[in-house]
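Worksheet for the structure shown next.
The values are calculated or read from the model by the stated rules, or taken from the named source; none is laboratory data. The structure presented is a predicted model; accordingly, all values stated were derived computationally and were not measured. Here the Cβ positions follow ideal geometry from the backbone for every residue, glycine too, while neighbour counts run over all protein chains shown. Surface accessibility is based on the protein's heavy atoms, side chains included, excluding ligands, DNA and RNA. Shrake-Rupley method; radii C 1.70, N 1.55, O 1.52, S 1.80 Å.
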Amino acid sequence: MTIELWPGQAYPLGATYDGFGTNFSLFSEAAEAVELCFFDEDDVETRVAFTECSGYIWHGYAPNIGPGQRYGYRVHGPYDPQTGQRCNHNKLLIDPYAKTIVGDLNWGQEVFGYTFGDPTGPPNELDSAGSVPRSVVASPFFEWGDDRHPRTPWHETVIYEAHVKGLTKLHPDVPEHLRGTYAGVSHRAMIDHLTDLGVTAIELLPVHRFVSENDLIDRGLSNYWGYNSIGYLAPHDDYASGKPEEVVPEFKQMVKTLHQAGIEVILDVVYNHTAEGNHLGPTLSLKGIDNTAYYRLVEDDFQHYMDYTGTGNSMNMRHPHVLQLIMDSLRYWVNECHVDGFRFDLASTLARELHDVDRLSTFFEVIQQDPVISQVKLIAEPWDVGEGGYQVGNFPPLWSEWNGKYRDTMRDYWRGEPATLPEFASRFTGSSDLYQADTRQPNASINFITAHDGFTIRDLVSYNEKHNEANGEGGTDGTDDNRSWNCGVEGPTDDPEVEKLRARQQRNLIATLMLSQGVPMLLGGDEFGRTQHGNNNAYCQDNELSWFRWGEVDEQLQAFTQRAIRLRRDHPVFRRRRWFQGRPLRGEGITDIAWLLPEGQPMDDSHWEDSDGRSLQVFLNGKGIMTPDERGSHIIGDSFLVLFNAHEEPIDVKLPSSDYADAWTVALDTTEPTGVSARPARAPYRPRRKVTLASRGLMLLQEVEE
């Protein structure tokens, strides 16, 4: 294979095909020389040295080289781990800007830059080319037609968190060859499920190219979730239904199809670390390209890595080329792949300039000023594992955050923990204590009860303890702070009363989520009672434990969830764009929100301080909510009364006076399997009437004007 290499251009970085040839470009300040390595159909390698280097950017143009061409890099330079230098030309390196990466990582001595047992000794001279994935030149061409971002307003957004493979791997209505793929996610069966459910966005667990850790493979497991990235611009090729080289157009087609159904695509992205691990990890890409530029190293001990992520390394957000890589990646997914937003894993790590998390860090600055990324949905997981890493409520105004305090509070309330009412009230109304001071609105709070990391909602009401035996880590993995309640029996049971209570608790949690101010995120499968049999850390379970088992759908729970989401969609008082003020509305004596005792009287400070208080009424005034109707004029929203009872006994609730409403009708009742009674409609409830509210029950009443 003979390759001619012209000087080319330093930018854009990566492999860029222009219809005639491909420009290759790689940043490395550490390199003394860089070889571009091409592989033919028989995997025979041809090396061509770059002759051009501009501002530490090594570059060249290869005429007649186009999409499908497999390649990699070899970087010649210093190898001295004690000073942080880890160049080793014996290691074939993945292009950080590769838009397609194919092939498996075969773990062995050859993929490590050092010799086992001698991490500070001379470089390991075994060649790794036969054991690492290949970068592939991708075609930039795709027919988008009239595709547009749905741009669903934040206050109308309902997020559905799911895994590309797990979502459809067992779906009987998805053709077998499409199950577990990008094409499977956009199959009509899945589109119908998502639209019938009423969600507006799907948040996908990592789709950046990732690899499984060696110790997982040794245990017969794999990295299922994908939080082990090795390429930030390449979609994971194992999720392709066809040839791995054609993964990019399949991903784009998935986005296009979801957009046609009005569903946004949000990607869970892992820019805080890579799969190269710590000083004992492999040399696959950045470590061999320019270790000191890309990774945070321990001050005065450059052999070792700062680890704010629990994975061995942390990206060096102080370096301009690291920031450039991340921003180029984000813009690629928006501009070229049309995604609608990002959820940043362990986002506190990205904000560490020195040691502390800094709201004024360069990372936030470049996001803020970027004309593309500043306009899409940005969600932070506002914590990492380092000191001071828990930063819920402390991200800048442009950001929304996974609200871990919402999760903890709602779990505690419904399992009957004492002294939860003040916290419950704050979380239910959007967590103004966390977000209002810096001008953010309720949509800054991404509310969730469960997520991929932890129990499913069914397991949350079925297990007191984690059951992670299948992970093979002796029970040391996964959190012990589950805040769960098994309703009296650990795990599966034939007791009908326990099962009845568990079903009601699931409905309580889902209803609370959908009626709260802020942006709800539903863990995929919670709508029909998916279980992981008590495993709260199924990151390595690429099997039926994690996959959605569509043959075990709780249809009544699914109908209940649909109804709860529809109520949120149809009534703007549940998705306000502004904070409740607790003041009378214009021309009315009734406040925009009122907190009432079960006896129907307003709560005072002493009631909030009651550690045993677990029941209350919440009046939500819809008269102050103006929303456009189909004719372009405005209508006023309905008012609602939410009755909560987390006690283990039923209580009699006295409805408030006629000042609040002439009468009430039941809109949602968690004692009913689908949320509404199959019996004839009840007569409207009158003011001051007593209503029996079931133990651990929630009832939503809608005003009736007479």
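Leaving out same-chain residues fewer than 8 places away, which lysines sit with a Cα under 23 Å from that of Lys243?
Lys99, Lys165, Lys169, Lys252, Lys256
Whole Å is fine, so just give me how far the alpha carbon centre of region 438-480 lies from that of region 386-416.
Each part reduced to its Cα centre gives a spacing of 13 Å.
Using 20 Å as the cut-off for backbone N distance, which residues of region 258-282 belong to the label zone defined by a point 7 Å from the Cα of Trp144 along Cα→Cβ?
Those under the cut-off are 258-268.
Once you wrap a convex hull around the alpha carbon atoms of region 281-392, what is its projected area averaged over all directions, in nm²?
Taking a quarter of the hull surface, the average projection is 7.4 nm².
Work out, step by step, the length gained on full extension between Glu4 and Arg47: first 0.36 nm times the residue separation, then minus their alpha carbon distance; give nm to one decimal.
So the extension gain works out to 14.4 nm.
Just to check, using Stokes-Einstein with a Kirkwood Rh over alpha carbon pairs, what's the diffusion coefficient of region 127-229 at 25 °C and 0.890 mPa s in µm²/s?
D, rounded to a whole number, is 147 µm²/s.
Let me check against my output: what whole-number percent is the relative contact order of the chain, with C-alpha pairs under 8 Å and at least 6 apart?
10 percent.
Return the loop-located chymotrypsin sites (Phe, Trp or Tyr not before Pro) in region 55-92 (DSSP other than H, G, I, E, B) with at most 15 other Cβ atoms within 10 Å of their own Cβ; answer none if there are none.
Of the chymotrypsin sites (Phe, Trp or Tyr not before Pro), the ones in loops of region 55-92 whose Cβ has at most 15 other Cβ atoms within 10 Å are Tyr56.
Okay, helix-only estimate at 222 nm for the chain: each DSSP H run of n ≥ 4 adds -39500 (n - 2.57), divide by all residues, round to 500 deg cm²/dmol; what do you get?
About -5500 deg cm²/dmol.
Once both labels are modelled 7 Å past Cα along the beta-carbon direction, what's the Asp662-His304 spacing in nm?
Output for this residue pair reads 7.4 nm.
For the chain, which whole percent of the accessible surface, found with a 1.4 angstrom probe, sits on carbon and sulfur atoms?
Carbon with sulfur: 47 percent of the solvent-accessible area.
Taking a probe of 1.4 Å, how large is the accessible area per residue of the chain, in Å²?
Accessible surface, normalised per residue, equals 38 Å².
Which of the aspartates and glutamates could a cross-linker span from Lys623 if the Cα-Cα distance has to be under 15 Å and same-chain partners fewer than 8 positions apart are dropped?
Asp570, Glu588, Asp592, Asp638, Asp659, Asp662, Glu703, Glu705
Starting from 0 in steps of 10 Å, tell me what percent of the Cα-Cα pairs of region 345-430 lands in each bin.
Distribution as computed: 16, 40, 28, 13, 2 percent.
Antiparallel as a % of all DSSP beta bridges within the chain, to the nearest 5?
Roughly 75 percent of the DSSP beta bridges within the chain come out antiparallel.
Please give the helix 555-570 orientation as an angle from the longest Cα principal axis of the chain, in degrees from 0 to 90, rounded to the nearest 10.
On a 0 to 90 degree scale, this one is about 80.
Report the full-extension gain for the segment Val385 to Glu648: residue separation times 0.36 nm, less the Cα-Cα distance, to one decimal in nm.
91.0 nm
Restricted to Cα positions, what overall size does the chain have along the principal axes? Three whole-Å values, descending.
Answer, in whole Å and largest first: 87, 57, 50 Å.
Measure nothing but the geometry: give the 0 to 90° angle between the long axis through the Cα atoms of 320-331 and the longest principal axis through the Cα atoms of the chain, rounded to 10°.
Once rounded, the angle reads 60 degrees.
Taking the Cα centre of the chain as origin, work out the dipole magnitude from +1 charges on Lys and Arg Cβ and -1 charges on Asp and Glu Cβ, in debye rounded to 20.
2420 debye
Under a cut-off of 13 Å between alpha-carbon atoms, report the aspartates and glutamates in cross-link reach of Lys654, not counting same-chain residues fewer than 8 places apart.
Glu599
Each label point is 7 Å from the Cα along the Cα-to-Cβ direction; what then is the distance between the points at Asn64 and Thr152, in nm?
Computed distance between label sites Asn64 and Thr152 equals 5.0 nm.
With each label point set 7 Å from Cα along the Cα-Cβ vector, what nm distance links Arg578 and Asp612?
Rounded to a tenth, the inter-label distance reads 4.1 nm.
Compute the length gained on full extension between Arg566 and Asp438: take 0.36 nm times their separation in residues and subtract their Cα-Cα distance, giving the result in nm to one decimal.
Computed gain between Arg566 and Asp438 is 43.0 nm.
I need the GluC sites (Glu not before Pro) found in region 519-617, filtered to DSSP loop residues with at most 14 other beta carbons within 10 Å of theirs.
Sites meeting the loop and neighbour criteria: Glu544, Glu588, Glu599, Glu609.
What do you get for the angle between helix 188-197 and the principal long axis of the chain? Use alpha-carbon atoms, 0 to 90 degrees, nearest ten.
40 degrees
Pop the C-beta distance of Lys243 and Asp215 into the FRET formula with R0 = 35 Å and round what comes out to the nearest 0.05.
According to the calculation, E is roughly 0.70.
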